[in-house]
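The values are calculated or read from the model by the stated rules, or taken from the named source; none is laboratory data. The model shown is predicted, which means the values in this text are computed figures rather than measured ones. Cβ coordinates were reconstructed from backbone atoms using ideal geometry, including for glycine residues, and neighbour counts include every protein chain displayed. These accessible areas exclude ligands, DNA and RNA; they are computed on the full protein's heavy atoms, side chains included. Shrake-Rupley method; radii C 1.70, N 1.55, O 1.52, S 1.80 Å.
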Amino acid sequence: MENEVAPPGVNINVPHSARIYDYWLGGKDNFAVDRAVGEAMIKAIPGMRYMAAENRKFVHRAARNLVEKEGIRQFLDIGTGIPTRPNLHEVAQRIEPTARVVYVDNDPIVLVHARALMISTEQGRSEYISADIRDPASLLKDPVLLETLDFSQPIGLTLIAILMLIADQDDPWAGVAALRDAMPSGSCLAITHPTADFAPEEVGEAVAAATSAGMTLVARTREAVERLFGDWELLEPGLVPVSSWRPDEQVDNPKAAYYWAGVARKP
Ligand SMILES: C[S@@+](CC[C@H](N)C(=O)[O-])C[C@H]1O[C@@H](n2cnc3c(N)ncnc32)[C@H](O)[C@@H]1O
């Protein structure tokens, strides 16, 4: 019988997305309740661990491309998750040591581990704030965020595998639009979002497993994901399966990871 101890503020009786994702990635910051849902979802989608790993690789490629090719020097990463090395600021600061990152999550387990996210280069800065993407106005007023990011310079806004956790009734399109509006010209928005477009049955079963455990999980179509970018210009290669976005090596079956991914720039 496992004897699990909950860190302060962490409820180990209900599954949490950050901990399930940590389980798929082979991390240790998850509990029996998370592993049960994680396994039920793997039963529905046998490639689930591969999907999580491909999503993580996108984080690295997007950060690298934004710094190297788009001149981005500061990031706002919402829905950060439990630290997984290399974290976004580590990728960015390896190329540009002055890079600054503000991480945001609303899960107490991420706060417990936030110190690992705040180990920055001396020249750069990396901060963590607890906030909810469903309340962008409060999020954008956070004093640590305002002290760390310079809103007169382009920002890389990264919403990686978070928006599927926001129900349609909470209008993720309006929330993302409010964030986009706050960004200066030249800013970039990177999104990954799970979809049922490539494998409707598998994804339908995974969504049902999560929903029956009391979680919100919405797979969205390419069109619904594209609308999250508003009138920002999608950079090459557009909104594509996550493994096809500027891949480092050839991928045999890009649709084996059921995520749409894209990066757009504010005119
Ligand atoms: C699947 S993880 C993604 C982690 C990371 N972005 C990645 O792709 O590797 C989703 C994260 O979004 C966070 N999240 C969910 N709803 C949120 C909300 N309303 N506001 C802020 N963060 C949220 C969860 O706590 C979790 O850490």
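Which one is nearest to Val203 (Cα to Cα) among residues in the stretch 219-231 that are surrounded by 19 or more Cβ atoms within 10 Å (Cβ to Cβ) and of a type in the set (A, V, I, L, M, F, W, C)?
So the first thing to find is which residues in the stretch 219-231 are surrounded by 19 or more Cβ atoms within 10 Å (Cβ to Cβ), and the list is 219-220, 225, 228-229.
Subsequent filtering for residues that are of a type in the set (A, V, I, L, M, F, W, C) retains 219, 225, 228-229.
On the way: Ala219: 8, Val225: 16, Leu228: 21, Phe229: 23 Å.
Step by step, filter the stretch 219-231, then rank; the result is Ala219.
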- Message: Pull out all pairs, ordered by first then second residue, where Cβ-Cβ is under 9 Å, the residues are six or more apart or on different chains, the first lies in the stretch 124-135 and is within 14 Å of Pro83 (Cα to Cα) and open to solvent by 10 Å² or more (accessible area, probe 1.4 Å), and the second is modelled with pLDDT of 95 or more and part of a strand (DSSP E or B).
- Response: Glu127/Arg100; Glu127/Val101; Glu127/Val102; Glu127/Tyr103; Tyr128/Val102; Tyr128/Tyr103; Tyr128/Val104; Tyr128/Asp105
- Message: Checking the condition within 15 Å of the ligand (Cβ to nearest atom) and free of Cβ contacts under 8 Å to residues at least 24 places away in the same chain, which residue from Tyr23, Tyr50 passes?
- Response: Tyr23
- Query: Taking the stated definitions as given, is Arg125 within 11 Å of the ligand (Cβ to nearest atom) and more than 12 Å from the chain's Cα centre (by Cα)?
  - Reply: no
- Item | Pairs with Cβ under 7 Å, 6+ apart, first in the stretch 101-116 and open to solvent by 10 Å² or more (accessible area, probe 1.4 Å), second more than 9 Å from the ligand (Cβ to nearest atom) and among the charged types (D, E, K, R) | His113/Asp29
- Task: Return yes when Ala137 is within 15 Å of the ligand (Cβ to nearest atom) and among the hydrophobic types (A, V, I, L, M, F, W, C) and no when it is not.
- Result: yes
